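**Q** Structure provided below as structure tokens; questions to follow.
The values are calculated or read from the model by the stated rules, or taken from the named source; none is laboratory data. Only a predicted model underlies this, so the values are computations on that prediction, with no experimental measurement involved. Every residue, glycine among them, receives a Cβ derived from its backbone with ideal geometry; neighbour counts consider all protein chains shown. Accessible surface areas use protein heavy atoms only, side chains included; no ligands, DNA or RNA. Shrake-Rupley method; radii C 1.70, N 1.55, O 1.52, S 1.80 Å.
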Amino acid sequence: LNDCGLLGTFAEIGVFKASFSQTILEYWRGKKLLLIDPYRRYDEATYRDSTQLEDQDAVYAEAQRNVARFGKRAEFMRMESLEAAKLVPDLSLCGIFIDGNHSFEATSQDVSAWFPKVMHGGLFSGHDCYCRQKDTNSDALAAVLDFCEKVDCRPHITWCNSWWHIKT
């Protein structure tokens with residue numbers, strides 16, 4: 001992000017305890033990181049993830065403590081991804097990292113809602129792109145590939161199950 005001059009506002013969807021947020025804020029010289037997570041429990045049919053086993057208010061408090069040293073550069077939006085997307089203007093983000101609900105439907109909705117928010121030349125990325133393995137709760141890769149085919153972009157897949165694309 002630094003090397004590409006992407007130093008404006010970046011959004012992270014699905015923050016949990018803000019471990020990755022800390023890394024971003026520590027190394028990235030950008031203006032602001034939006035940390036978007038509803039911090040609420042869902043039934044297993046809606047969101048199957050081990051993060052749901054923890055008290056969400058306590059997780060939120062820990063996330064806030066973890067990024068407190070970055071001050072106003074870290075801005076929490078404690079709400080659903082699609083709610084937050086409505087509040088962010090199109091083409092206003094230098095990048096986004098989507099790591100929320102990994103179901104096909106939820107990931108499809110996230111990538112569709114957030115792609116317009118990323119400026120041209122910005123980073124469109126996310127996590128948990130497994131190949132429909134029985135031992136994962138993720139169908140994000142299928143959703144990302146389906147979306148990228150519709151908008152004619154080619155995502156890159158990393159060794160750590162992340163994906164990324166520079167928006168043209």
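**Q** Is there any pair linking a residue in the range 144-157 that is in contact (Cβ under 8 Å) with a residue 12 or more places away in the chain and over 11 Å from GLY126 (Cα atoms) to one that is among the basic types (Lys, Arg) and open to solvent by 30 Å² or more (accessible area, probe 1.4 Å), with Cβ under 7 Å and at least six apart or on different chains, and which?
**A** What qualifies is CYS148/ARG154.
**Q** Ok, one more. Modelled with pLDDT under 95 and either of a type in the set (A, V, I, L, M) or under 15 Å from the mean Cα position of the chain (by Cα) (or both), is that true of HIS156?
**A** In short, no.
**Q** Applying the selection to the range 116-127, what residues are open to solvent by 20 Å² or more (accessible area, probe 1.4 Å) and either part of a loop (DSSP other than H, G, I, E, B) or touching a helix residue (DSSP H, G or I) at 6+ places or on another chain (Cβ under 8 Å) (or both)?
**A** Across the range 116-127, the qualifying residues are LYS117, HIS127.
**Q** Something else about it: Can you tell me which condition LYS150 does not meet? The list is (1) more than 16 Å from the chain's Cα centre (by Cα); (2) surrounded by 14 or more Cβ atoms within 10 Å (Cβ to Cβ); (3) not acidic (Asp, Glu), and all the others hold.
**A** Among (1) more than 16 Å from the chain's Cα centre (by Cα); (2) surrounded by 14 or more Cβ atoms within 10 Å (Cβ to Cβ); (3) not acidic (Asp, Glu), LYS150 violates only (2).
**Q** Hey, among the residues in the range 128-147 that are part of a helix (DSSP H, G or I) and open to solvent by less than 10 Å² (accessible area, probe 1.4 Å), which one's modelled with the lowest pLDDT? I'd like the intermediate steps shown before the answer.
**A** Filtering the range 128-147 down to residues part of a helix (DSSP H, G or I) leaves 140-147.
Of the ones still in play, those that are also open to solvent by less than 10 Å² (accessible area, probe 1.4 Å) are 140, 143-144.
Details: ALA140: 80, ALA143: 87, VAL144: 86.
Only one residue fits best here, namely ALA140.
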